[in-house]
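The values are calculated or read from the model by the stated rules, or taken from the named source; none is laboratory data. Nothing here was measured: the structure is a model prediction, and the numbers come from that model. Here the Cβ positions follow ideal geometry from the backbone for every residue, glycine too, while neighbour counts run over all protein chains shown.
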Amino acid sequence: MSKKIIIEPFKIKTVEPLHIATEQEREQYLKNAFYNPFLLKSSQVTFDFLTDSGTSAMSSAQWAALIDADESYAGASSWEHLWQSIHDLTGYPYILPTHQGRAAERILYGYIGKPGKVFISNTHFDTTRANIEFSGATAIDCLIPEGSQPSLIYPFKGNMDIEKLEEIILQHKAENIGAVILTVTNNSGGGQPVSMKNARDVKRICSKYSILYILDCCRIAENAYFIKHREKEFEHHSYFDIAKEMFSFADGCIMSAKKDGLVNIGGFLALRDKKLADACTNLLIITEGFSTYGGLSGRDMEALAVGLKEVFAPGYLTYRIKSTTYLGEKISKKGVPILLPVGGHAVYIDAKALYPHIPVHEYPGQALVCELYKKGGIRSVEIGSVMFGKYDEQGKLIPSKMELVRMAIPRRVYTQSHIDYVAEIFDEIIADRNNVKGYKIIEEPEFLRHFTAKFQQL
Ligand code: F0G
């Protein structure tokens with residue numbers, strides 16, 4: 001096997017300056033943002049790892065397609081291109097374009113969800129859960145136990161627990177199950193992949209009880225990479241064929257195209273069943289737009305039609321997964337406790353293990369997020385008790401299970417020297433770990449507090 005360095009499989013045509021502030025300036029910016037990096041301006045950030053969603057760099061082919069777009073209200077040729085691209089990949093006949101993933105979730109889960117209905121997923125992403133619960137239905141996570149042990153090496157930590165899935169179905173009765181949703185890769189569980197065997201097993205259970213089976217497929221190309229390299233049966237398959245096979249088991253899918261669609265906005269819902277698709281199309285027209293554009297412009301649809309093909313290129317996917325792993329393994333070797341093995345789109349750091357002297361009610365994850373910004377201009381996101389913490393009746397914090405920090409890597413945006421620089425910042429993080437103090441919340445909204453909460457350093 002070649003030991004050659006993995007290079008970025010592109011050259012750069014348009015550049016955007018990086019904003020580099022001094023550490024002193026960053027201290028001030030952070031103070032002004034009340035120690036919440038969501039409140040920073042992007043011009044104050046050097047490396048933005050807040051999300052991999054909508055942050056991809058488009059290719060010259062995508063930009064060229066943009067110019068060619070047809071902005072007709074109905075029946076635009078850009079819609080034909082997008083329809084064909086999605087149909088070739090998924091095989092589903094009914095395709096509904098939306099402005100992003102959660103719009104497709106609202107349409108489908110808002111239609112089939114209601115009080116008494118239960119949805120089961122390996123792990124519901126926040127917006128998925130929110131849309132299900134907003135309909136009055138219940139969302140139950142059903143991840144294999146290996147999936148929630150941060151340091152355990154296991155090839156498919158995103159898998160659904162099949163035995164438990166059947167138990168939950170029997171307990172709630174099949175007719176009350178709204179859908180089974182398989183999220184690939186499992187974002188909330190660390191970007192961990194789901195195996196083809198698992199996707200097939202979910203199909204077997206859904207068929208046995210006649211339950212709707214939906215793929216949340218926003219990172220399905222990244223998932224296909226892991227299947228090819230970890231599941232023997234697929235070592236000679238193309239990434240595209242692996243994804244196609246996974247779609248073949250399900251009854252439909254929801255995609256936030258802002259991830260593996262390689263675009264800055266877009267999404268879709270695709271279904272096999274005409275009756276369900278007709279009902280969803282009515283809702284689409286009421287809230288998103290006519291059925292041949294949803295919430296998208298012609299140029300958005302053109303860019304996505306191209307992106308959905310580009311994302312499966314072997315050179316791209318190898319670079320993508322290897323570069324995420326490169327950052328994770330590099331900082332892991334320095335002694336930074338991370339979630340292992342490294343997933344597809346992000347590196348997750350275990351802040352509780354990094355800062356054992358900071359109790360959970362002083363938010364070790366928030367402390368790390370602030371340190372990364374101060375020391376390196378790196379913006380990351382806390383996924384711990386700031387995001388998921390609740391209060392009991394006495395006002396005492398009920399902490400989250402884990403105190404993680406996510407560094408999500410935008411696609412095709414940063415080079416290896418950027419990533420090397422980011423890894424170097426962790427030398428300072430490690431050297432200074434015992435001096436870092438926790439935070440307290442001084443102001444917070446009622447819902448989704450991590451976006452706007454204000455903090456004070458202790
Ligand atoms: N499903 C998954 C698995 C996601 O990761 C996301 C978004 C959505 C659905 C919703 O899609 O944002 O287009 O409405 N995840 C982003 C993230 C926000 O940062 O992980 P959307």
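Report yes if some residue within region 165-178 is of a type in the set (A, V, I, L, M), within 16 Å of the ligand (Cβ to nearest atom) and in contact (Cβ under 8 Å) with a residue 12 or more places away in the chain; otherwise report no. No, there is no match, as no residue in region 165-178 is of a type in the set (A, V, I, L, M), within 16 Å of the ligand (Cβ to nearest atom) and in contact (Cβ under 8 Å) with a residue 12 or more places away in the chain. Applying the selection to region 133-150, what residues are within 16 Å of the ligand (Cβ to nearest atom) and farther than 18 Å from Gly101 by Cα? Of everything in region 133-150, those that are within 16 Å of the ligand (Cβ to nearest atom) and farther than 18 Å from Gly101 by Cα turn out to be Asp141, Cys142, Leu143, Gly147. Asn122 passes every criterion in (1) in contact with a Cys (Cβ under 8 Å, 6 or more places away or on another chain); (2) on the phi > 0 side of the Ramachandran plot apart from (2). Please tell me if Ser53 is in contact with a Lys or Arg (Cβ under 6 Å, 6 or more places away or on another chain), under 30 Å from Leu368 (Cβ atoms) and either modelled with pLDDT of 95 or more or polar (S, T, N, Q) (or both). Spelling it out, Ser53 is indeed in contact with a Lys or Arg (Cβ under 6 Å, 6 or more places away or on another chain), under 30 Å from Leu368 (Cβ atoms) and either modelled with pLDDT of 95 or more or polar (S, T, N, Q) (or both).
The residues listed here are Gly294, Gly335; of these, the one that is modelled with pLDDT of 95 or more and either assigned by TED's automatic domain parsing to the domain that holds Asp88 or in contact with a strand residue (DSSP E or B) (Cβ under 7 Å, 6 or more places away or on another chain) (or both) is Gly294.
Scanning region 52-80 for residues that are surrounded by fewer than 18 Cβ atoms within 10 Å (Cβ to Cβ) and either under 26 Å from Glu444 (Cβ atoms) or within 21 Å of the chain's Cα centre (by Cα) (or both) gives Gly54, Ala57. Scanning for something within 18 Å of the chain's Cα centre (by Cα) and farther than 20 Å from Pro341 by Cα, does region 221-237 turn up at least one residue? Scanning region 221-237, I find no residue that is within 18 Å of the chain's Cα centre (by Cα) and farther than 20 Å from Pro341 by Cα, so the answer is no.
Please verify whether region 252-260 includes one or more residues that are at pLDDT 95 or above and either among the aromatic types (Phe, Trp, Tyr) or more than 16 Å from the ligand (Cβ to nearest atom) (or both). No, region 252-260 has no match at all. Note on region 297-355: residues that are touching a Gly at 6+ places or on another chain (Cβ under 6 Å) and among the small types (Gly, Ala, Ser) amount to 5.
For region 38-81, the candidate set comprises residues that are within 16 Å of the ligand (Cβ to nearest atom) and among the aliphatic types (A, V, I, L, M); within that set, the residue that is farthest from Glu25 (Cα to Cα) is Leu50.
Right, Val386: assigned by TED's automatic domain parsing to the domain that holds His357 and buried (at least 20 other Cβ atoms within 10 Å of the Cβ) or not? In short, yes. The number of residues in region 90-132 that are in contact with a His (Cβ under 8 Å, 6 or more places away or on another chain) and more than 13 Å from the ligand (Cβ to nearest atom) comes to 3.
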